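One structure is given here, and the rest of the page talks about it.
What follows is calculated from the coordinates using simple rules that are stated; it is not laboratory data. These figures come from a predicted structure and were not determined experimentally. A quick note on method: Cβ atoms are made from the backbone with ideal geometry, for glycine too, and the neighbour counts reach across all protein chains shown.
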Amino acid sequence: MWLLLACEYTPEQLCAGKGPTSLELGSREAETFEPFAEGDEAEIMTPPQGGYGLGFRARTLGLVTNNVVDLDMETTVSGESLGQFVAEDWFVYCQEDGSGLLWGTATPIDEALFPDDEDLAELDGEEAVMSVTATDSQGDTASGTATVTMWLRD
């Protein structure tokens, strides 16, 4: 599906925000973008916004790139929110294929609910849903989710 949408537009058009929008979440550990497969591990980490969260990279299509987006992010377990956060002005880099790529943040885990490593340990191995919606400078949005297994580094 990703490639089919991209084939209808030039990379320059896609980076300028043309075409249908999409957002895909992937591992923050890989050298290149690798989308999460259901059940892949996502490390519980300390993101730039503080607290704890599940790190990711995101690939966008149809959003304005080489510019900033606002990210509305949430982590849920069994339908219950572990945290929600809006990160404003997150930079999206245009890629050669016309997709956008961003990294360096995480879907949140509320520090008030899990104040230390001992509390976080109960999340190790639990299935979580990471949800992200990006809004670009033109007001266009794209959303994506990934179902992952939370992993707490020893």
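For Val64, the residues 5 or more places off, or on other chains, whose built amide H falls under 5 Å of its own are Ser137, Gln138.
Per-residue Karplus couplings for segment 149-154, computed as 6.51 cos²θ - 1.76 cosθ + 1.60 with θ equal to phi - 60°, are listed in order as 9, 6, 10, 10, 5, 6 Hz, Gly and Pro entered as x.
Residues considered: Gly53, Gly98, Gly19. Largest GNM mean-square fluctuation over the chain, using C-alpha springs under 10 Å, is found at Gly19.
Counting neighbouring Cβ atoms within 10 Å and putting the fewest first, the residues Ser78, Ser137 line up as Ser78, Ser137. Measuring r between the beta carbons of Asp140 and Asp119 and using R0 = 30 Å, the FRET efficiency lands at 0.20. Here's how it looks for Leu82: its modeled amide H is under 5 Å from those of Thr75, Thr76, Val77, which are all 5 or more places away or on a different chain. Between [x] 38, 15, 12; [y] 36, 16, 15; [z] 29, 15, 12, which entry matches semi-axes √(5λ) of the Cα gyration tensor in Å as derived from the coordinates of this structure? Given [x] 38, 15, 12; [y] 36, 16, 15; [z] 29, 15, 12, the structure-derived one carries the label [z].
The Cβ shell under 13 Å around Thr107 holds other residues with a net charge of -2, Lys and Arg each +1, Asp and Glu each -1. Placing a pseudo-label 7 Å from each Cα along the Cα-to-Cβ vector at Ala30 and Thr10 gives an inter-label distance of 2.9 nm.
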